[in-house]
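Report on the structure given below.
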Amino acid sequence: MQPLKDVVGNDTYRINNKYDETYPPLPMEEVMQRSEIVIGQEVDYDILVNNCEHFVTLLRYGEGVSEQRGRFLTKSTLGSFAFFLPIVAPIQLQH
């Protein structure tokens, strides 16, 4: 565990606490304690229920939330529709 400035060096970075107005952040000491508990643990990654955004919001707010899930589902749904459209359209035209 290192301070962020030590990790990024001269690179630019932005801290995104976009859920602070929706979920009250936990005290920094509690966030640090929560993060120390998971050091060295291996967890299964799942974009829908356990992705990196779920992880950091669980640490910061005590609740795992993620917009990545919504974007993934939207893209998957649109992708599926685009995939099936060429197959369905010719079938409908043949009737």
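No value in this document is a laboratory result; all are computed from the given coordinates. Being a predicted model, the structure only gives us computed values, none of them experimental. Note that each Cβ is placed from the backbone with ideal geometry, even for glycine, and that neighbours are counted across all protein chains shown.
At a glance:
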read-out: Summed residue charge, Cβ within 13 Å of Leu59's Cβ, Lys/Arg positive, Asp/Glu negative; value: -3
read-out: Residue exposure sequence - Arg34, Arg14, Arg71 - by fewest surrounding Cβ within 10 Å; value: Arg14, Arg71, Arg34
read-out: Cβ-Cβ FRET estimate between Val43 and Glu67, R0 fixed at 25 Å, reported to 0.05; value: 0.80
